[in-house]
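Have a look at the structure below, then the notes.
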Amino acid sequence: MFGASFSASEFLNGVSGAFVWLFFAFLAWWIMFRAPLGRRVFRRRISIGAPAEKVWSASLFEPSPPGGWAGFIHIIEQSLIEGAPLRHKTIVAYGGRRGKTRILISRIIRVEPCAWFESEYETIDGAAVVPADAVRGCTRLEEKGGVTLLELEISQPVKGVFGHLSTGRIYERYLAHLRAHCEGREAPRPQPLIGRSSAAWLAVAAVGASAVIIGTRNPDLGWLCVLIAVCIEIAVLVHEYGHFLAMRWFGHRDASVLFIPFFGGATLGARPLSSRYEQAMIALAGPAISALAVLPLTPLAHWGLDAAQSGARDMKALVGFGAVLLLGIAVPMNLLNLAPIGMLDGGKVVDALARGRGARLLIMSAIFAALGFSLTASESLTDLGYDVAVLAVVWVYELMTAEKLEQQLEPMSRNQLAATLAALALTFIVYVDASRTLLPAVTAALQNSVDALAGALDGE
């Protein structure tokens with residue numbers, strides 16, 4: 001009876017830890033992508049070596065250059081709609097790729113050909129924009145000696161830290177494309193949606209947030225909290241870099257890797273996906289690249305386990321201990337991410353692969369079986385409770401906010417389907433082997449190291 005109650009308490013301890021982390025994770029996600037941060041006004045004055053008529057025509061009525069004005073928006077058609085008030089309709093696609101086409105209608109507040117254009121977005125795909133969310137723009141043109149001075153002012157509501165960091169860069173890209181198009185030069189290369197300095201500061205904040213959470217729950221670990229936090233973010237970086245490489249392969253030249261404190265990471269691009277194969281491979285690339293990193297780390301981990309058992313304190317032991325930490329974090333983290341639920345990578349892969357309920361059920365059952373075979377053999381009841389709670393919350397969130405897969409995504413060919421299934425199977429083989437043969441020893445070694453460190457601190 002005591003053993004059963006003790007086991008239940010371990011499981012519930014993992015569940016409670018998961019809910020604490022989930023609270024901070026969803027709060028961090030809301031702050032990063034959804035928190036209203038007021039309106040941001042973007043102002044820029046540039047000189048374009050072309051007549052005002054050319055700039056006016058290019059910015060309003062000419063089809064956009066290959067790749068789109070800002071590297072991802074491709075204007076298909078534009079027209080003025082007569083009536084009161086005067087309206088401006090634009091039909092756009094994303095980077096000229098196959099997928100959903102959007103219709104945007106703006107209300108023209110003031111227009112003076114080749115001199116002034118002021119408007120605000122009124123509808124997008126027929127859905128009226130709330131006044132507080134309207135994007136207001138004002139373009140002024142002034143010609144001097146064949147050179148046009150263009151002054152652009154955009155007032156846009158900003159949501160989340162990501163929106164604050166990326167809004168100005170998007171308009172900078174638009175102006176750079178406009179200048180190149182009007183002057184007959186090659187368009188500039190797409191740039192990430194956020195700058196390197198901003199990404200670096202987010203990475204530092206993520207390491208600090210992980211160290212705080214670990215230190216709060218384990219105050220006796222001392223400096224080890226920082227080492228564990230660094231290893232967590234390295235594991236996150238390798239995972240997100242896999243998504244990044246796949247997005248670049250599929251033409252997302254503006255992809256950005258973000259560290260999100262308390263949450264993990266995200267890899268974002270400006271345009272939507274164009275095919276089911278693209279969706280599946282981008283989602284699978286994170287766990288797959290991490291699996292490739294697990295292979296060379298495994299010998300180092302065995303080296304570290306031997307050093308830990310012998311009590312060594314040299315550089316060999318430190319390198320081995322780092323490998324042990326990375327594997328102890330990366331393997332369960334990526335396995336959990338492969339769960340076929342909602343926003344997780346496994347859920348995106350299943351959405352791309354499944355063409356009906358039967359196929360979806362078969363693929364989900366196979367993935368859940370592999371996950372159960374891996375995790376139950378290597379994790380403690382506390383870890384198992386943590387994983388169950390996370391998956392349950394993600395599943396409930398999916399039920400509350402479920403969105404159907406975009407039907408205009410290009411279907412997979414047989415070769416693409418075979419390649420995706422093969423990559424998924426190979427990825428699972430690596431993680432299943434690591435979780436069943438190596439992870440139990442890694443967990444024991446980490447626990448022994450933590451106990452030894454706590455004992456040493458108590459002795460001091």
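Observations, loosely collected:
- The range 13-26 residues that are more than 19 Å from ALA266 (Cβ to Cβ) and at pLDDT 85 or above, paired with ones that are in a helix (DSSP H, G or I) and among the hydrophobic types (A, V, I, L, M, F, W, C) (beta carbon under 7 Å, 6 or more apart): PHE19/ALA389
- Comparison of ALA18, ALA70 shows that the only residue that is assigned to a helix (DSSP H, G or I), of a type in the set (Gly, Ala, Ser) and surrounded by 14 or more Cβ atoms within 10 Å (Cβ to Cβ) is ALA18.
- From the list TRP116, TRP69, the lone residue that is of a type in the set (Phe, Trp, Tyr) and at pLDDT 80 or above is TRP116.
- Any chance PRO131 is of a type outside the set (D, E, K, R), loosely packed, with under 14 Cβ neighbours inside 10 Å, in contact (Cβ under 8 Å) with a residue 12 or more places away in the chain and not assigned by TED's automatic domain parsing to the domain that holds ARG253: no
- Residues satisfying the stated conditions in the range 214-250, i.e. surrounded by 17 or more Cβ atoms within 10 Å (Cβ to Cβ), small (Gly, Ala, Ser) and touching a residue at least 12 places away in the same chain (Cβ under 8 Å): ALA229, ALA235, GLY242, ALA246
- Residue list for the range 222-256, restricted to those being at pLDDT below 90, of a type in the set (Val, Ile, Thr) and touching a Ser or Thr at 6+ places or on another chain (Cβ under 6 Å): ILE232
- Residue check for GLY322: surrounded by fewer than 20 Cβ atoms within 10 Å (Cβ to Cβ), modelled with pLDDT under 80 and in the same structural domain as PHE11 (by TED's automatic domain parsing): yes
- Single match in SER155, SER119 (criterion: free of Cβ contacts under 8 Å to residues at least 60 places away in the same chain, in the same structural domain as ILE48 (by TED's automatic domain parsing), out of contact with any Leu (no Cβ under 7 Å at 6 or more places or on another chain) and assigned to a strand (DSSP E or B)): SER119
- Residue within the range 161-170 that is among the charged types (D, E, K, R), assigned to a helix (DSSP H, G or I) and surrounded by 20 or more Cβ atoms within 10 Å (Cβ to Cβ) present: no
The values are calculated or read from the model by the stated rules, or taken from the named source; none is laboratory data. Keep in mind it's a predicted model, so treat the numbers as computed, not measured. Cβ sites come from the backbone with ideal geometry, for glycine too, and all protein chains shown count toward neighbours.
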